[in-house]
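As structure tokens, the structure follows; a few thoughts come after it.
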Amino acid sequence: MTGAPRRAGFLATMRAVLWSFFGVRKRQSYIDDAGSLNPLAVVVAGVLAGAIFVIVLVLIVHWIVGRASA
């Protein structure tokens, strides 16, 4: 008896998105994620992770430029 596939939670979705940012995935992990992740949640997690990445880069650049000009 097979029911509907169990949906992944927020942390599982973020973990899958962060691994995809890194670019390394095992085939079995990809297959598991494909069956359990909600596409809308993946898009939201991707946008959130991308925004955090850009903000961190901007902060690092500001910190380095601030130290260089002091």
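Does residue 15 count as open to solvent by 90 Å² or more (accessible area, probe 1.4 Å) and at pLDDT below 85?
no
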Within segment 22-46, restricting to residues that are modelled with pLDDT under 85 and more than 17 Å from residue 6 (Cβ to Cβ), the one that is surrounded by the most Cβ atoms within 10 Å (Cβ to Cβ) is 25
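Of the residues 50, 66, which is over 13 Å from residue 8 (Cα atoms) and either in contact with a strand residue (DSSP E or B) (Cβ under 7 Å, 6 or more places away or on another chain) or loosely packed, with under 10 Cβ neighbours inside 10 Å (or both)?
Sole residue among the options that is over 13 Å from residue 8 (Cα atoms) and either in contact with a strand residue (DSSP E or B) (Cβ under 7 Å, 6 or more places away or on another chain) or loosely packed, with under 10 Cβ neighbours inside 10 Å (or both): 66.
The values are calculated or read from the model by the stated rules, or taken from the named source; none is laboratory data. All figures in this text were calculated on a predicted structure; none of them were measured in a lab. Cβ: placed from backbone, ideal geometry, glycine included. Neighbour counts: every protein chain shown. Areas reflect the complete protein model, heavy atoms only, side chains present, ligands, DNA and RNA absent. Shrake-Rupley method; radii C 1.70, N 1.55, O 1.52, S 1.80 Å.
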